[in-house]
Structure formats: C-alpha cells, structure tokens
Amino acid sequence: MMSKVDSITGSTLIAIHNGKEAGQEIPHLHVHLVPRNSSDSGGPIHSMFDSSIKLSDSEIEKYFNLLKI
C-alpha cells in the first residue's frame, strides 16, 4: 500500500487519530495516507498547532519512562 501511495508523489503524510482528544469523532482505528508534494501548501505537522506544549524536565522524564519499551 505504501509503495502505491508513494508512487503518486514520492512523499507521504501518515496520520493516526486515536482517541477523542486526538480529533477522533467515532471510536475506531483509522489511518490517513496523504500523498504530499511541494506545491500542496499543507505545511509540516507542527503547523497544525498554535504553540508547542511546554513540559518541565520532570514531566519529560515521566513521559519518557512511560513510553520506554
């Protein structure tokens, strides 16, 4: 599937919305495979948010430890 999507433009945005706070309206797994090109004016994923979340060093360490496999 990815090679087929990449063959369209050579670049792909992959997005997974999982949970209400992530923008999911109906509980189910869905993945967006969006072909991208330099003229689509989509911008980077960071442009979707007004500001970055500011975490303290202890919060960063907490989440780092929670996410470790």
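The values are calculated or read from the model by the stated rules, or taken from the named source; none is laboratory data. Bear in mind that the values here come from a model prediction, so they are computed numbers and not experimental data. Here Cβ is always computed from backbone atoms with ideal geometry, including for glycine, and neighbour counts include all displayed protein chains.
Worth pointing out:
- Candidates I53, I69, I8: the one that is assigned to a helix (DSSP H, G or I) and hydrophobic (A, V, I, L, M, F, W, C) is I8.
- Residue within region 15-26 that is in contact with a Leu (Cβ under 9 Å, 6 or more places away or on another chain), of a type outside the set (A, V, I, L, M, F, W, C) and modelled with pLDDT under 80 present: no
- Of residues in region 12-69 being surrounded by 10 or more Cβ atoms within 10 Å (Cβ to Cβ) and among the basic types (K, R), the one farthest from M1 (Cα to Cα): K62
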